[in-house]
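These notes concern the structure reproduced below.
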Amino acid sequence: MSTNRVSIDLNADLGEGFGRWTLTDDEELLSVVTSANVACGFHAGDAATMRRVCDLAAARGVRIGAQVSYRDLAGFGRRSMDVPAAELAAEVAYQIGALEVFARAAGSRVAYVKPHGALYNRVVRDGEQAAAVVEGVLLAGRTLPVLGLPGSRLHEAAAAAGLPIVAEAFGDRAYRADGTLLPRGQEGAVVTDPAEVVERSVALARLGTVTAHGGASVSVRARSLCLHGDTPGAVELARRVREGLESSGVRVEAFV
């Protein structure tokens with residue numbers, strides 16, 4: 001049994017607050033996930049929040065990832081923006097560098113990079129923006145793994161630059177038949193039924209498949225599974241997903 005067990009990383013978006021405003025239950029989620037995508041101040045997060053989340057993650061052995069975004073606090077990084085490539089590269093490096101300070105102070109390091117929101121979706125198809133994100137990772141001075149959607153232009157650019165790529169899937173987001181995510185503005189884009197999220201997560205981990213919006217079965221081979229920290233009931237949902245994975249024989253462990 002142990003020789004054919006599969007493993008998957010469980011990640012969540014954390015540190016998504018600003019000043020007195022908080023959105024994610026970072027401490028509780030860090031008791032469940034194996035990787036933390038930490039907001040770096042552009043779509044959410046601030047210096048104190050980044051420091052706190054890095055301290056908590058390091059104490060629990062959770063890997064710290066830089067969740068980089070367009071500069072869009074008002075829109076939570078979910079508005080499409082046309083940012084010149086050189087500017088985007090510099091801003092990606094800036095965000096990674098800011099988080100690295102707090103990760104090192106906590107006795108850890110930034111272990112990977114993941115785009116957020118509109119930037120995540122943009123670099124699935126936009127080669128120029130994808131190349132700018134990769135340039136930003138290199139500018140930060142590290143050959144960090146890049147977490148993203150399988151088959152994306154981001155992964156193409158990262159692989160071409162010699163960066164490790166990590167395929168990601170979503171247990172709580174609806175897919176289209178082409179393997180991309182259903183846009184959040186469309187009905188059914190976020191899956192909220194806990195039993196359905198658990199079922200989808202287990203299928204993604206064990207079979208590498210997910211049922212798309214409309215009923216088609218889509219192949220999604222992923223090493224990391226994301227649950228959104230801003231989903232209502234996110235902590236309990238994450239616990240149920242982890243329990244469902246482990247009870248089905250999936251080992252939950254960080255990919256780095």
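The values are calculated or read from the model by the stated rules, or taken from the named source; none is laboratory data. Note that the coordinates shown come from a computational prediction; the quantities given were computed from them, not determined experimentally. Positions of Cβ are generated from backbone atoms using ideal geometry, with glycine treated the same way; all protein chains shown enter the neighbour counts. Heavy atoms of the whole protein, side chains included, go into the accessibility calculation; ligands, DNA and RNA do not. Shrake-Rupley method; radii C 1.70, N 1.55, O 1.52, S 1.80 Å.
Out of the stretch 124-210, which GluC sites (Glu not before Pro) are coil in DSSP terms and have no more than 15 other C-beta atoms within 10 Å?
Filter output for the stretch 124-210: E187.
Can you tell me which of N37, N121, N11 moves the most in a GNM of the chain? Springs connect C-alpha atoms under 10 Å apart.
N121
Within the P(r) computed for the stretch 120-197, what percentage of the Cα pairs occupies the region above 16 Å?
When all Cα pairs of the stretch 120-197 are counted, 53 percent exceed 16 Å.
What's the longest bit of the chain with no exposed trypsin sites (Lys or Arg not before Pro), using DSSP loop states and at most 11 other Cβ atoms within 10 Å as the test?
21-256
Could I get the Rg over Rh figure for the chain? Both from C-alpha atoms, Rh via Kirkwood, rounded to two places.
0.94
Give the carbon-plus-sulfur fraction of the accessible surface of the chain in %, rounded to a whole number; probe 1.4 Å, heavy atoms of protein chains only.
Of the solvent-accessible surface of the chain, carbon and sulfur hold 50 percent.
With both partners inside the chain, how many of the DSSP beta bridges are antiparallel, as a percent to the nearest 5?
Taking every DSSP beta bridge with both residues in the chain, the antiparallel ones total about 20 percent.
Amide H to amide H, which residues 5 or more places from C40 or on other chains are under 5 Å from it, using H placed in the peptide plane?
Q67
Calculate, for the chain, the solvent-accessible area per residue in square angstrom, rolling a 1.4 angstrom probe over the heavy atoms of the protein chains.
42 Å²
Express in % the proportion of alpha carbon pairs of the stretch 131-173 at distances exceeding 15 Å.
35 percent
At a Förster radius of 35 Å, what calculated FRET efficiency corresponds to the Cβ-Cβ distance of R79 and S219, to the nearest 0.05?
0.70
Taking the Cβ of G17 as the centre, find all other residues whose Cβ is under 13 Å away and add up their charges (Lys, Arg: +1; Asp, Glu: -1).
Every neighbour counted, the sum reads -4.
Which of A238, A161, A36 moves most in a GNM of the chain, Cα contacts under 10 Å?
Looking only at A238, A161, A36, the largest GNM fluctuation is found for A161.
Give me log10 I(q)/I(0) at q = 0.13, 0.15 Å⁻¹ for the stretch 17-163, Debye formula, one equal scatterer per alpha-carbon, no solvent.
-0.52, -0.69
Can you work out the base-10 log of I(q)/I(0) for the stretch 204-256 at q = 0.19, 0.22 1/Å, using the Debye formula on its C-alpha atoms alone?
Calculated log10 I(q)/I(0) at the listed q: -0.81, -1.02.
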